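Accompanying notes for the structure given below.
The values are calculated or read from the model by the stated rules, or taken from the named source; none is laboratory data. Since the structure is predicted, the reported quantities are computational estimates derived from the model, not experimental observations. We place every Cβ from the backbone using ideal geometry, glycine too, and count neighbours over all the protein chains shown. Remember, those area values only see protein heavy atoms, side chains included, never the ligands or the DNA or RNA. Shrake-Rupley method; radii C 1.70, N 1.55, O 1.52, S 1.80 Å.
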Amino acid sequence: MADRFELPTDMKAFAEKSVEQARQAFDGFISAAHQAVSTLEGQSETARQSAKDVTAKAMTFAQKNVASSFEFMQKLVQAKDFQEVLKLQTDYVKTQMQVLTEQAKELGESTAKAAKDATTPRS
């Protein structure tokens, strides 16, 4: 395959580090979601519904993040040169960090609302 190229060692290391950082952020996000759900399970009906909502939101985020990763990999495989690979990697990491930050904020807000709903007496 004369049209394919080998990534330099430094670029491979950068890509691996970026993927690892994104994976760690995502693992932390999922861990927080599971912890929030565990905390709310066994509470009143409102808390159970809130826990289901938080879980559904976390699963939606996970699906979006996995889809984004596959899209990135597909673009990477189709890259024509080193500069394109570098640009794709940089754009992907920047976008994913923004997305994960937004998702963590939204999940935190949902979890806080669920906790408030669970502790607010119903009239």
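If ligands, DNA and RNA are left out, what is the accessible area of Val93 with a 1.4 Å probe, given in Å² to the nearest 10?
Near enough 30 Å² of accessible area.
Taking a probe of 1.4 angstrom, what is the accessible area of Met59 in Å², to the nearest 10?
Approximately 100 Å² of Met59 is accessible to the 1.4 Å probe.
Sort Leu76, Leu107 from largest to smallest accessible area, using a 1.4 Å probe on the heavy atoms of the protein chains. Provide the component values of the computation, followed by the final result.
Numbers: Leu76 50, Leu107 10 Å².
Highest to lowest solvent-accessible surface, that is Leu76, Leu107.
Between Met97 and Thr55, with labels modelled 7 Å along Cα→Cβ, what's the label distance in nm to one decimal, could you check?
Placing both labels 7 Å along Cα→Cβ, they lie 3.4 nm apart.
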